[in-house]
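A.B. asks: Take a look at the following structure, please.
Quick note: the coordinates plus some simple rules give every number you see, no bench work behind them. Quantities reported herein were computed from a predicted structural model and do not represent experimental measurements. Quick reminder, even Gly has a Cβ in these numbers, built from the backbone with ideal geometry, and neighbours come from all protein chains shown.
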């Protein structure tokens, strides 16, 4: 049974799911010794983005909702950082890292747009300067 205000309808959640799929696909190629380190941490951070969007969307109180969306944003930054480490370790090639970065930036753009649509409590998130390219992102 699907409830009326399902998180599945959210474009930002749908995009976060694409990010999860890409992270899982890419980390399958990481060295075995990274299975319980970088691979696991990158996958958990990616899943956290979508999970916190979904959970926050189900909350009634504004403060609770904001808390989950901010956690989602932090997990997105974590994925970005870990992807950079994977690039430095040569687990990702530059073109693949660019593909991942583009999806991270699009997700960041959509998440901030979604947070801003929630109301005045999100006034601190009008701009997402952490992501230099997010303004060039287009909605999927």
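A.B. asks: Give, as ranges by residue number, the residues of region 67-89 whose backbone N falls under 16 Å from the point 7 Å along Cα→Cβ of residue 22.
C.D. replies: 76-87, by backbone N distance to the label point.
A.B. asks: Taking the Cα centre of each part, how many Å lie between region 4-30 and region 34-50?
C.D. replies: Comparing the Cα centres of region 4-30 and region 34-50, I get a distance of 13 Å.
A.B. asks: Something else: Quick one: length gained pulling residue 8 to residue 116 fully straight, 0.36 nm per residue minus the C-alpha distance? If you can, show how the numbers build up before the last one.
C.D. replies: Values: separation 108, 0.36 × 108 = 38.88 nm, distance 1.91 nm.
In short, 37.0 nm is gained.
A.B. asks: Given 0.36 nm per residue, what is the gain on full extension from residue 58 to residue 89 after removing their alpha carbon distance, in nm?
C.D. replies: Residue separation times 0.36 nm, minus the Cα-Cα distance, leaves 7.3 nm.
A.B. asks: Related question: Taking the Cβ of each residue in 32, 43 as the centre, tally the other Cβ atoms inside 10 Å and list the residues starting with the fewest.
C.D. replies: 32, 43
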